[in-house]
Amino acid sequence: MSLEGAIAVHRFGLGAKPGEIAAASARPHDWLLSQLETGADEPQALDATALQTGGELAALLTGDRQQIARLRRERAGNQEAIKALNRSRGQIFLQEMAARFACGFATDKPFAERLVWFWSNHFVVSALNLRAALFAGAFEREAIRPHINGKFEEMVQAVVHHPAMLLYLDNAESIGPDSAAGKKSGKGLNENLGRELMELYTLGVDGGYTQADVIAMAKLLTGWSLDPAGGNGFRFYPARHEPGPVTLRGKTYEGYDGAVAAVGDLAHDPATARHIARKFAIAFIADEPSAASVARLENTFRETDGDLRALSEAAVNDPAAWSAAGRKLRTPVEYVTAAYRLLGLPRAGNDPDAVAKQVRGAMGAARLMGQFPLAPPSPKGWPEISEAWSGPDAVLDRIEWARQIGQRLPKNFDAAAVAESGLGPLLRPATRTAMAEAGAPGEAIALLLASPEFQRR
Amino acid sequence: MNTRRSILKTMAAASALTLWDAPLRYAFASVPTQRRLVVVILRGALDGLAAVPPYGDPDYANVRGVLAIDKTQGLHDLDGFFALHPALTNLKACYDAKQLAVFHNICSPYRDRSHFDGQNVLETGATAPHILQDGWLNRALVPLGLANGQSAVAVAQTPPLMLTGPAKATSWMPSVLPEPDEAFLAKVRAMYAGDAVLAASLDSAIALEAEAQAAMDDASQKDMMKKGGYANLTPLFSGAGKLLALADGPRVAVLDAGGWDTHFNEGAADGLLARRLQALDAALDALKTSLGPAWTKTAVVMATEFGRTVHANGSGGTDHGTGGAAFLLGGAVSGGAVHAEWVGLKPDRLRDGRDQPARTDLRSLFKAVLCDHMGVPHRILDTAIFPDSAPAAALTHLIA
């Protein structure tokens, strides 16, 4: 096992499954880049039912709204029925999350999966918004996952056309004040998506736009909403669209096609290349990447017209990404996932209930540690820097959970072998010593999970 | 009750590492003040006109439209002009007891409309985003003698920027996981000898956890955490109050309360924002209750990164604005008044024709609390704590 193999598996991947470091060791770059050939795995529902598409969910939401309106009209006693309906819809998000976690535990393309996680933490749809929660899983599967090797613009267009994003940042209800619908209803713009599209998703906050540009972008996006009939979930409503030409950052756009062009121009803007390069470097190279590392990614992004596969390759090919020093702390979801991969969890043979229970355990653990995936507190997403996950309570939470996991393991566990196979050359003497002196294999594993080298990647 | 603190004693005796000694020494140090300061960060931009409606303003009902709250809908009148939102019943009781001061048309120096840059300015105390790397509250800890790592706590897994910096602080959250035994923690701590970040955090957590274990009714805390999850602020505020109430516990606490970014379907007397305000109001009451007699020595300051648009947007909500509301409450507060340089709600008085103006600098409020309540020397307020803030003089007469 080589150090580079271990770094490939931990820094770019999701932590080692048994044998993974050995497999990556001979040619770590190839081991990573070959994962991009076929894209990321597709999450599957644990109960083998089909996960629903954004279009199906848009139709479901429309039906629910009608049913809730009817229940409210009929009589007050129907509150319980409304609550039951909302509860059952909450299950859809939990089912999606379980599928996503299970995918992370099992996948043999952990770098591709990490890329999915990076991009869905960039284009955030947070399930804390209850309307968007229904769609959060479908959003990642449809707008993010298929595009990790494509052009950045393809991902951005998929994102802003997805019902999840249109609901989450309130564009679904944004109406041009001078449109037919606006004049009739007196309703107007909602700036939320127009602003965050530029501030967070493309240009960056210092990328060169004004409040007038925010309003212009919001006007261009009016009429972009959900298709109540289903379809692919998106529908453009000309009657809600602000008529006439709109000037955005000095350029004039008009109509639906103009809005698509404006989104495309944002995707290809040099400020976007800079913004994305920096974020990508922080996630995959270092908390404080060197100017050279960022510039390399920025140039690749610009020269390839935002080719995300080229961007991923450029990060892998940056020597700075292979430094054994200054490893980053794992986020809670990464931490729990790495632990499950290390220990071969969930393990339950053919008992689907036992599998579901262990997956739910992982979801609960990540939440306790302060991170529930696809449900960050704001559209900025979860922080990618170590400092955000190194606080006293955060460290204690991980230790508490490590101890609990260790206590639940079978007694005949070969902890030393798991440590050698899972950390390889990253395993430190202090951890080996502590594990050797542990009273039981479960305690040794708990120490391994609590060790600095396992908390970092 | 099992105390993690005892393992520190054992371990420190056995170890020559100076890293070990620091938390032990400080955990038992007497606290230099009995004053308590709580800062509540209302992330997401609270709609000040919803929380504190100027119902006496002749333009209020008209400009607010669907968001306006009528006198008959349970508004809590404050001074015949301003009122508190109907959901803020406990805050109203504080006001009546002269333990709540309300501020309007107030904002940090930040004038753009990004949440994240706005929060950066709110927390660093700088004049612009990203020019300072540490938080103003952190910079106040050393002059207050509260920089020992145990006297300032963030109710969070990791302290927010406001409390981050060179001075040591800790963090705490109610935990539902079983506590590991001391021997196990000692072994983990030994493994952290080569990782200064994890070592310092673990030491800090262990030292505070001993206090927390003694203060918390563990079962009820776990029970509360399970109910409502993210939406339930009460266990966090109640826990903070219990820690602050301890004789040698923390004196400064920071709490995060999000959920104010009401772009959609904000509601008026009832609705989304009303429910969030109700949760905050209940949590503040729990904080007061859990502080017990220490409430009389407490000031709680609540602020948000900026206000929201005066008019409703196209979807029954409000977009990002400028001026808004802030609150100062506690037994140590000289309250019972609304402090607002009010200029009305006519379009030509609004910023860019859409936002409440910023007529008072939030730093003036923070300075007043740091200086008059906590005893930070006045001479360093405009320099070390809030650089380049001389024009924003500390407000006065806010502390009893």
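Rounded if a/c is under 1.5, else prolate if a/b beats b/c, else oblate: with a ≥ b ≥ c from the C-alpha gyration tensor eigenvalues square-rooted, which is the range B:250-339?
Values: a/c = 2.49, a/b = 2.00, b/c = 1.25.
Taking the square roots of the gyration eigenvalues as a ≥ b ≥ c, the range B:250-339 is prolate.
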Largest first and in whole Å, give the semi-axes of chain A's equivalent ellipsoid, each being the square root of 5 times a Cα gyration tensor eigenvalue. 41, 28, 17
Return a whole-number percent for the relative contact order of the range A:143-192, with Cα pairs under 8 Å and 6 or more residues apart as the contact set. 25
Pop out the ³J(HN,Hα) list for the range B:104-110 in order, Karplus 6.51 cos²θ - 1.76 cosθ + 1.60 with θ = phi - 60°, rounded to Hz; leave Gly and Pro as x. 9, 6, 10, 6, 5, x, 6
Roughly how many debye, to the nearest 20, is the charge dipole of the protein assembly as shown about its Cα centre, given +1 on each Lys and Arg Cβ, -1 on each Asp and Glu Cβ, and no other charges? 1340
Convex hull around the C-alpha positions of the protein assembly as shown: the volume in Å³ per residue is 161
Kindly express, to the nearest 10 degrees and within the range 0 to 90, the angle between helix A:392-408's C-alpha long axis and the longest C-alpha principal axis of chain A. 60
Please tell me the relative contact order of chain B in percent, rounded to the nearest whole number, where contacts are Cα pairs under 8 Å and at least six residues apart. 28
Total charge dipole magnitude, the range A:169-267, about the Cα centre, Cβ charges on Lys, Arg, Asp, Glu only, Debye to nearest 20: 340
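Run through every distinct alpha carbon pair of the range B:313-392 and return the Kirkwood hydrodynamic radius in angstroms, one decimal place. Show your work: numbers first, answer last.
Values: mean 1/r = 0.0664 Å⁻¹.
After inverting the pairwise mean of 1/r, the radius is 15.1 Å.
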Folded to 0 to 90 degrees: helix A:352-368 orientation relative to chain A principal axis, Cα: 80
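Rounded to a whole number of µm²/s, how large is the Stokes-Einstein D of chain B at 20 °C and 1.002 mPa s, given Rh as the Kirkwood radius over C-alpha pairs?
In µm²/s, the coefficient rounds to 99.
Rounded to the nearest 0.05, what FRET efficiency is calculated for A:D353 and A:A81 with R0 set to 35 Å and r the Cβ-Cβ distance?
Values: r = 28 Å, r/R0 = 0.81.
After rounding, the FRET efficiency stands at 0.80.
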Which of A:K187/A:K279; A:K83/A:K219; A:K183/B:K346 exceed 32 Å between C-alpha atoms? The answer is A:K187/A:K279; A:K83/A:K219
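Just rank A:H29, B:H378, A:H122, fewest to most, by other beta-carbon atoms within 10 angstrom. Walk me through the numbers before you get to the answer.
On the way: A:H29 15, B:H378 12, A:H122 20.
In increasing order of surrounding Cβ atoms, one gets B:H378, A:H29, A:H122.
Report the per residue volume, in Å³, of the convex hull enclosing the C-alpha atoms of the range A:213-360.
On the way: hull volume 29.4 nm³, N = 148.
It comes to 199 Å³ per residue, whole-number rounded.
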Lys/Arg +1, Asp/Glu -1 at C-beta; the protein assembly as shown dipole; positive extreme among A:G233, A:L33, B:A101: B:A101
Those lysines that a straight Cα-Cα span of less than 30 Å connects to B:K367, excepting residues fewer than 8 apart in one chain: A:K380, B:K92, B:K98, B:K168, B:K242, B:K288, B:K297
For the range A:169-267, rounded, prolate or oblate, judged on the Cα gyration tensor with a ≥ b ≥ c (square roots of eigenvalues), a/c < 1.5 rounded, else prolate if a/b > b/c? prolate
Roughly how tilted is helix A:270-284, in degrees to the nearest 10 and between 0 and 90, from the longest Cα axis of chain A? 30
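Taking only complete DSSP H runs, can you tell me which helices of chain B stretch 15 Å or more along their own long axis by Cα positions and average at least 0.0 on the Kyte-Doolittle scale? The partial results should precede the final answer.
Values: long enough: B:196-215 (29 Å, 1.03); B:234-245 (16 Å, 0.83); B:272-291 (29 Å, 0.53).
Span-like helices here: B:196-215, B:234-245, B:272-291.
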Please give the contour-minus-distance gain from A:A291 to A:A440: 0.36 nm per residue of separation, less the Cα-Cα distance, rounded to one decimal in nm. 48.9 nm
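Output needed for the range B:34-123: three equivalent-ellipsoid semi-axes, defined as square roots of 5 times the C-alpha gyration tensor eigenvalues, in descending order, whole Å. Provide the component values of the computation, followed by the final result.
On the way: eigenvalues 120, 82, 22 Å².
For the range B:34-123, the ellipsoid semi-axes come out as 25, 20, 10 Å.
Since every read-out is calculated from the coordinates, none of them should be taken as a lab result. Just so you know, these numbers come straight off a predicted model, no measurement behind them. For neighbour counting, all protein chains shown are included, and Cβ atoms are generated from backbone atoms with ideal geometry for every residue, glycine included.
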